[in-house]
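Report on the structure given below.
Just so it is clear, none of the values below were taken in a lab; they were calculated from the coordinates. These numbers were taken from a predicted model, which means no experiment stands behind them.
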Amino acid sequence: MLASYLLAKDSPVALSAGDGALVGIFTGIIAAAVQAFVSIPLQSFNREFFQRIMGIAVEYMEEIPPGWESLLEGGPGGKSVPMFFLGLVISVVVFSVLGALGGIIGISLFRKKVTQKTQGVSDASKDTGDRQP
């Protein structure tokens, strides 16, 4: 919504919902890339935190579901490059969809209303003297 506000503030013309969706998608892509690279130094902390949470959860469970043992040992995500890129792709999709939604809402809230002055500019091209039948 912030990106659509900044776009609408500096735009001399009225913007459409498509403009808001487009700026939201681009903002989502940038946010996903920033999130992916900021999370790299925090992976070891997140893995240890997740292992502690899983250890506490196992204490209160009667039976561990299949596959949870590997989560207790290695934590989520691992250190593999393909998992990093898979997470990046998923983040791009989710952030872009949410960014488009925020952009559409932001443009509907912050866009400039169409006035007679802006309508007159588009009506000036309707001069019928220059058209051929």
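Derived scalar couplings between HN and Hα for segment 19-28 equal 5, x, 5, 5, 5, x, 5, 5, 5, x Hz in order, rounded to whole Hz, by the Karplus curve 6.51 cos²θ - 1.76 cosθ + 1.60 (θ = phi - 60°), x for Gly and Pro.
Scale the Cα Rg of segment 1-53 by the rule-of-thumb value 2.2 N^0.38 Å and send over the ratio, two decimals. That works out to 1.75 for segment 1-53. Rounded to the nearest whole Hz, the Karplus-based 3J(HN,Hα) values (6.51 cos²θ - 1.76 cosθ + 1.60, θ = phi - 60°) of segment 92-105 follow the sequence 4, 5, 5, 5, 5, 5, 5, x, 4, 4, x, x, 5, 5, with x at glycine and proline.
Length gained on full extension, ALA17 to GLU48: 6.8 nm, using 0.36 nm per residue less the C-alpha separation.
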